[in-house]
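What follows is a set of notes on a single structure, which appears directly below.
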Amino acid sequence: MSISIRHITKRFDEFVALDDVSVEVARGSLTALLGPSGSGKSTLLRIVAGLETADQGAVFIDEKNVTGRAPQERGVGFVFQHYAAFKHMTVYDNVAFGLKIRKRSKAEIEERVHQLLQLVQLEGLAKRYPSQLSGGQRQRMGLARALAIDPAVLLLDEPFGALDAQVRAELRDWLRRLHDETHTTTVIVTHDQEEAMEVADQVAVMSAGRIEQIGSPRDVYERPANEFVMTFVGQAHQFGDTFVRPHDLEVTLEPNGSTSEVMIDRIVHFGFNVRLDLVGADGERLSVQTTRDHAELLEFAPGQIVYVRPTRHTTFT
Amino acid sequence: MGRLSLRFAALGYLTVILIGPLAMMVWRTAEDLDGAWAAISDPDTVAAFKLTLMVTAIAVAVNTVFGVVCALLIVRGTVRGRGFLNAFVDLPLSLSPVIVGFSLVTLYGLHGWFGWFQRNGYEILFATPSIVLATIFVTLPFVVREVVPTLREIGTEQEQAAQTLGASGWQTFWRITLPSIRWAVVYGVVLTAARAIGEYGAVALVSGNIAGETQTATLRVEDAYQFAYGNYAPAYGISFVLAATAIVILILMIVVQPKEARH
């Protein structure tokens, strides 16, 4: 089902959380709302779910206006950052909750719950309580619980934010595969640009209650609409009005007409990638991303004088 | 050395203040078991215990419902005056029960604002209703005080999750909120019951203290003491039953506690 967010404005007293925000989410797509904390992305998601009401604007789900409707009537699956697990219920009862509310037959519930537990790889843990699960397992339970009601849309509010890096990466990968199987229209809120780039078809970059840019992950990274998107989505160095990504800087041992002289301060190895932290003559710091092979070929060492030149840059007018 | 002496000081203090008086009472009860038993099995004493139990049951029921609703209003409500409500609920803790009883006598007395009942034969004062009212008043804060912090702690996310899964407000309350606060409610009920059974001051002023009719167990102890004429066995016997009840309640709370910690 598609989601259409039209001109949503939301204030908390004097603070404008959302300022005339519009986003279209195509049926079957996976959209990420990406922004720093306080940018309004979670508030927007909660407005779509009906957990928060907008001051102005409308929300359409599957072309029906649901603006005034209670969360119960919207048929959305919502996944919370801190899991919101029903602590007094077993994993089975957590997942079965929405179906019990809908008064499905016992046999039907049992079949559906087991099918979902299999999907989220928690088959053996049906009788456990949430307190006996790891964070990653709790969040998979949260997903199964949300999916149980066959939601029109799936909304995830920083779903992996409370998990450690490795589990995060695993679940992210798994979420993308799950989406490719189920094709449930999904919106994920995240402050992690890598996460947004990795899972989403469409990224909406938000800042201070406004949409800065909507586009494919590649668009947003390679053709940022403004300075904010340039610097928030991926790293960028600013030289006057031009912005350069760390991997778009070329390091050479000899100067030519367009290079500037810098000194290598530190070399950081990340497996295949190497980051050079450089200091310019004027004390300005910048970092360059290059490959291990390149770094070894040129025999970089801390304290060495080298020359940099941007191979690609972006200017905003 | 320091820790050991501190422990002795604490134990000594407890012994002098708490255990000493109770132990003495148990000792005296044991000295004249027949006399104590005679007092306990006296029809008027049995009636007093029955009255105390009934009043306690009503006060617990009313204050449990009120306490949960009130706690929900204080923590989850959006209405104005929540802070006021929160502060006001504690009033019975700071107000002397004698004053509670006295103000009830004034309110429901023949010339009070609610004197209509008394004037028209609906006896509130010196009858069971006033005993119930006084007990409800003094036991009002316990459920609220237990439930409020628990409600704050569990937050609203579970309730919101239930809503997105289709649960109505009522379903959310019964299936999510109430099970989450159940131990707090249990503690509140236990404290309310203990306080209701032990209430003396407020009840003393409003009940009329008629043996076999409007005399609660605590009033009967006072009576047995006042009119002992050298025979204290009845006072000891009835006191012993009340004290034993309180201790059983205390033990029940301790037994219940680990379960709470496990979840």
Order B:112-123, A:162-173 from most to least packed using the mean count of other Cβ atoms within 10 Å. A:162-173, B:112-123
Taking the square root of 5 times each eigenvalue of the Cα gyration tensor, what semi-axes in Å does the equivalent ellipsoid of the stretch B:117-227 have, largest first? 41, 17, 9
Quick one: net charge around residue A:71, please, counting Lys, Arg +1 and Asp, Glu -1 for every other residue with C-beta under 14 Å from its C-beta. -2
Could you tell me the calculated FRET efficiency between residue A:53 and residue B:182, based on Cβ-Cβ distance and R0 = 35 angstrom, to the nearest 0.05? 0.65
Volume of the Cα convex hull of the stretch B:32-262, divided per residue and given in Å³: 152 Å³
I need the peptides A:109-116, A:189-196 ranked by packing, meaning the mean over residues of other C-beta atoms within 10 angstrom, with the highest value on top. A:189-196, A:109-116
If the reach is capped at under 29 angstrom between alpha carbons, list the lysines near residue A:10, excluding any in the same chain fewer than eight residues apart. A:41, A:64
Of A:17, A:137, B:89, which is farthest on the positive side of the dipole of the protein assembly as shown, counting Cα position, with +1 on Lys and Arg Cβ, -1 on Asp and Glu Cβ, and the Cα centre as origin? B:89
Return the percentage of antiparallel bridges among DSSP beta bridges fully within the protein assembly as shown, rounded to the nearest 5 %. 70 percent
Antiparallel content of DSSP bridges confined to the stretch A:3-231, in %, to 5: 50 percent
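Using the Kirkwood radius built from alpha carbon pairs, what does the Stokes-Einstein equation give as D for the protein assembly as shown at 10 °C and 1.306 mPa s, in µm² per second?
This corresponds to a translational diffusion coefficient of 53 µm²/s.
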Distance in nm between residue A:11 and residue B:27 label points, each 7 Å along Cα→Cβ, equals 7.4 nm
Treating the beta-carbon of each Lys and Arg as +1 and of each Asp and Glu as -1, no other charges, what is the dipole magnitude of the stretch A:182-300 about its Cα centre, to the nearest 20 debye? 300 debye
Hull surface divided by four, with the convex hull built on the Cα atoms of the stretch A:140-188: how many nm²? 3.2 nm²
Options B:212, B:196, B:121, ranked by Cα towards positive dipole end of chain B, top entry (Cβ charges): B:196
Taking R0 as 60 Å, what FRET efficiency do you get between residue A:293 and residue A:102 from their Cβ-Cβ distance, rounded to the nearest 0.05? 0.55
So, in nm, how far is label residue A:65 from label residue B:156 when the simple model puts each one 7 Å beyond its Cα toward the Cβ? 2.6 nm
MRE, 222 nm, helices only [DSSP H, n ≥ 4, -39500 (n - 2.57), over chain B, to nearest 500]: -24000 deg cm²/dmol
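Averaged over peptide A:77-89, how many Cβ atoms belonging to another chain are found within 10 Å of each residue's Cβ?
Working: counts 2, 6, 2, 5, 1, 2, 3, 10, 3, 8, 6, 8, 4.
The shielding value for this peptide is 5.
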For the stretch B:1-119, what does the convex hull of the Cα positions come to per residue, in cubic angstrom? 222 Å³
Order of B:103, A:134 under a 10 Å beta carbon neighbour criterion, fewest first: A:134, B:103
List the residues of the stretch B:69-88 whose backbone N lies under 17 Å from a point placed 7 Å from the Cα of residue B:95 along the Cα-to-Cβ direction. B:84-88
Show that you can apply the helix-only estimate: for chain A, add -39,500 (n - 2.57) for every DSSP H stretch of four or more residues, divide by all residues, and state [θ] at 222 nm to the nearest 500. -8500 deg cm²/dmol
Scoring only Lys, Arg, Asp and Glu (+1, +1, -1, -1) among other residues with Cβ under 11 Å from the Cβ of residue B:232 yields -1
So what's the net charge close to residue A:101: Lys and Arg +1, Asp and Glu -1, counting the other residues with Cβ under 15 Å from its Cβ? +4
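Evaluate Rg over Rh across the stretch A:117-249, taking Cα atoms for both radii and Kirkwood's formula for Rh.
1.05
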Could you please state, rounded to a whole Å, how far the C-alpha centre of the stretch A:53-126 is from the C-alpha centre of the stretch A:213-258? 42 Å
For residue A:100, give me every one of the lysines with a C-alpha distance below 20 angstrom, ignoring sequence neighbours fewer than eight places off in its own chain. A:87, A:127
Given Cα positions, please report Rg to Rh for the stretch A:8-103, the hydrodynamic radius being the Kirkwood one. 1.00
If every Lys and Arg gets +1 and every Asp and Glu gets -1 at its Cβ, then about the Cα centre the protein assembly as shown yields a dipole, in debye to the nearest 20, of 1660 debye
Lys/Arg +1, Asp/Glu -1 at C-beta; the stretch A:97-237 dipole; positive extreme among A:156, A:199, A:213: A:156
Principal axis dimensions, largest first and in whole angstrom, of the stretch A:235-315 by Cα: 32, 22, 21
Eigenvalues of the Cα gyration tensor times 5, then square-rooted: what semi-axes does that give for chain A, in whole angstrom, largest first? 44, 25, 15
Quickly work out the residue A:181-to-residue B:53 label distance, labels modelled 7 Å from Cα along the C-beta direction, and quote it in nm with one decimal. 5.9 nm
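How big is the dipole moment of the stretch B:67-218 about its Cα centre under a simple scheme where the beta carbon of each Lys and Arg is +1, that of each Asp and Glu is -1, and everything else is neutral? Debye, nearest 20, please.
Dipole of the stretch B:67-218, to the nearest 20 debye: 280 debye.
None of the figures in this text is laboratory data; all of them are computed from the coordinates on show. None of the values given here were measured: they were computed from a predicted structure. All Cβ positions, glycine included, derive from the backbone under ideal geometry; neighbour counts span all protein chains shown.
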